[in-house]
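The values are calculated or read from the model by the stated rules, or taken from the named source; none is laboratory data. Since the model is a prediction, treat every value here as computed from it, not as a measurement. For neighbour counting, all protein chains shown are included, and Cβ atoms are generated from backbone atoms with ideal geometry for every residue, glycine included. For the accessible areas, the whole protein counts, side chains as well, though only heavy atoms, and no ligand, DNA or RNA atoms are used. Shrake-Rupley method; radii C 1.70, N 1.55, O 1.52, S 1.80 Å.
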There are 6 protein chains.
Amino acid sequence: MATLPLIEYEAASAEVRAVYDEIMELRGTDWVNNFWKALANDPATLKRTWESVKQVMAPGALDPLTKEMIYIAVSAAHGCPYCINSHTAAARTKGMTDAMLAELMAVVGMASETNKLVTGLQVELDEAFKDGGRK
Amino acid sequence: MATLPLIEYEAASAEVRAVYDEIMELRGTDWVNNFWKALANDPATLKRTWESVKQVMAPGALDPLTKEMIYIAVSAAHGCPYCINSHTAAARTKGMTDAMLAELMAVVGMASETNKLVTGLQVELDEAFKDGGRK
Amino acid sequence: MATLPLIEYEAASAEVRAVYDEIMELRGTDWVNNFWKALANDPATLKRTWESVKQVMAPGALDPLTKEMIYIAVSAAHGCPYCINSHTAAARTKGMTDAMLAELMAVVGMASETNKLVTGLQVELDEAFKDGGRK
Amino acid sequence: MATLPLIEYEAASAEVRAVYDEIMELRGTDWVNNFWKALANDPATLKRTWESVKQVMAPGALDPLTKEMIYIAVSAAHGCPYCINSHTAAARTKGMTDAMLAELMAVVGMASETNKLVTGLQVELDEAFKDGGRK
Amino acid sequence: MATLPLIEYEAASAEVRAVYDEIMELRGTDWVNNFWKALANDPATLKRTWESVKQVMAPGALDPLTKEMIYIAVSAAHGCPYCINSHTAAARTKGMTDAMLAELMAVVGMASETNKLVTGLQVELDEAFKDGGRK
Amino acid sequence: MATLPLIEYEAASAEVRAVYDEIMELRGTDWVNNFWKALANDPATLKRTWESVKQVMAPGALDPLTKEMIYIAVSAAHGCPYCINSHTAAARTKGMTDAMLAELMAVVGMASETNKLVTGLQVELDEAFKDGGRK
């Protein structure tokens, strides 16, 4: 269990309930997941994090499914089981198939291998790649 | 500089040259980047890694640009400057704009923040997210 | 369960018991936690690690509670559930409140986000920050 | 250099300038560091990140210096040279001495060692530490 | 449980069964572990990964036991419980004793401590160590 | 440059000089590398870390070269350029050839790939591997 108590809706302040209500409305659910209940110990952190996630994950130059897959990739790289499971579930609701997940993980694995080969051998960056190829 | 010598084309064995030739042909370039030159110290590793990258990054259930962006995300999470720069350059050649890169990084940053919040507070996985929402 | 057997007091050598006795005395407890029982497979590692922890966590330029909170932050960054739980418990006994833990985690999360943004975008260090601002 | 262009004040939009102005005013400086200039490619990310940092690093249950030291600890754990240098510089302006920095790093190092020992040996959490000692 | 279904032998395609058969034959077992059953959702990834593992872990300039211990060290550094347990088991079948495992972990812990001390203090590389001491 | 000043021999206290003398004697060199000069800001940390490294890296159940290679593997996994370069140099003086280094890195890369695949897919540990195969 979490190292801070989970704040349930019934016990929550009006400020916290307002965030919970928005989460449930935006997702079309009648429950709030544990992550937010843990953050609710500090209402300012709860509100700020929710506002940030809403902004970052909204459609923009990248579509929401691509963003979810990037989220999964980062969570796999960092080793966060809660995040991997919850964002895999979210990506599925946005259209990710098993085949897409399998390929996503193949890229994550491949990138991890070459990341460590390059680092372990201290390979120097090629001139052409400097600034990420920005001209 | 790398902790192993970089094997230049002129000094390379036929086995290594065959891989270099394929890399240049597939990319339409007349040069090979340092990563492969470092791996070439062990021709079996060079060939295996190249074959793997070719397979993993090919179009499939995910398109090549999405795969490049996932590669960048993982490389940012792991902190590999060579990989970040080289795959940012590669993603640009496949159509990634500055706006897409900025949003990609916003997702990487956000995921990193929530990854550590969940982990640091040891939040327990909700029943609904178990198995990544797989039914 | 651990990949090495846990060495219980009854089965321990005199050398190991001496460390266990000191741990219990310093902490005012009548038990030793699993970490030390696992290390006890190699008495030299047990003794060295205990002596090191004692020295590092003692009051000095930083007070013990601040040190415990830094320990939690590092354990959250690395993703070590055992360490997060045990040092959160230790920090509580030294006066850490829920409000302090919530703020500590907010900083850990924020730092993680900006760490990855800076790394992912390969931002160059400003002249003024070189050497950590050391003059 | 960064993989996105740095947005200088002269070339910035009114929205970006407003954030830059606030950063300089709050810090009492006449310049803005590169991190913000890179984020400014996406004004929404710039504004959100600045508002978040301001909120998280403000005095609260923890004082600003302790927060800076936690920031350094996380940045050291993740290996972000820009972050380590810039927050070490910031912590110095808030009163961190060389002796405090040396002890901070000793804790970071010690935590890293025990994190990996516990993980590598897969030591099971003691009953007493569950939920971070929360009753 | 895994976020992709585990493909059991009975339900597997001929292509997948061929890999499973080879795994069991090489290891002298009548079962296949979950890792491969998860990868089997993408037969190309299964085959490629198995071929790679076989090549990398074969006797060469390093013996198989040393390779297994390096595998454990990396898995401990990255925090992958499945990998730590499975490769510790594999190393034991190749002759790793408890004393060897205890020393292996002592090195992993020590390296982790000094890695973070060097990084956290941003120590500059000595001239003599450049290129990994390569002349 | 480092965020703490490097303490040169001429400016060092007797306590620090004693450690420096021992480092140079044991290694048969007339210089001390920057890592120790940075730690010397806190003589207790310098002495403790040196004693620990000496103990951990001494011949035991594992030989010194194997230990150096494990050190490199962990440093590559964590991404510490100073550590990678200095321990690669140290391993060379103990007999590591280019072929051994290439294979070591192949294992590090492979382990990194499978670490992330297992984690990203949340594969459950097989019964047979529990406790690292300990009976």
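A few points about this structure:
- Qualifying residue in segment E:48-67 (condition: open to solvent by less than 10 Å² (accessible area, probe 1.4 Å) and more than 11 Å from chain F (Cβ to nearest Cβ)): no
- Qualifying positions in segment F:116-135 - of a type outside the set (A, V, I, L, M, F, W, C) and closer than 18 Å to residue B:48 by Cβ: F:116
- Residues (among the basic types (Lys, Arg) and open to solvent by 40 Å² or more (accessible area, probe 1.4 Å)) located in segment D:1-47: D:17, D:27, D:47
- Qualifying residues in segment B:94-123 (those that are in contact with a helix residue (DSSP H, G or I) (Cβ under 6 Å, 6 or more places away or on another chain) and more than 20 Å from residue C:113 (Cβ to Cβ)) - the one surrounded by the most Cβ atoms within 10 Å (Cβ to Cβ): B:94
Table: residues versus (1) at the interface with another protein chain (Cβ under 7 Å from one of its Cβ atoms); (2) touching a Lys or Arg at 6+ places or on another chain (Cβ under 8 Å); (3) touching a residue at least 12 places away in the same chain (Cβ under 8 Å).
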| position | (1), (2), (3) |
| --- | --- |
| B:83 | yes, no, yes |
| B:90 | no, no, yes |
| B:96 | no, no, yes |
| B:109 | yes, yes, no |
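- In segment A:33-47, the residues that are touching a residue at least 24 places away in the same chain (Cβ under 8 Å) and away from chain C (no Cβ under 11 Å): A:33, A:34, A:35, A:37, A:47
- When segment B:98-107 is filtered for residues that are at the interface with chain A (Cβ under 7 Å from one of its Cβ atoms) and among the aliphatic types (A, V, I, L, M), the ones remaining, listed by number, are B:99, B:100, B:104, B:106, B:107.
- Residue E:17 fulfils the conditions (1) assigned to a helix (DSSP H, G or I); (2) farther than 27 Å from residue B:131 by Cβ except for a single criterion, (2).
- Check on residue C:77, buried (at least 23 other Cβ atoms within 10 Å of the Cβ), part of a helix (DSSP H, G or I) and more than 7 Å from chain D (Cβ to nearest Cβ): no
- Residues being part of a loop (DSSP other than H, G, I, E, B) and aromatic (Phe, Trp, Tyr) - total across segment D:20-42: 1
- Qualifying residue in segment D:88-108 (condition: assigned to a loop (DSSP other than H, G, I, E, B) and among the small types (Gly, Ala, Ser)): yes
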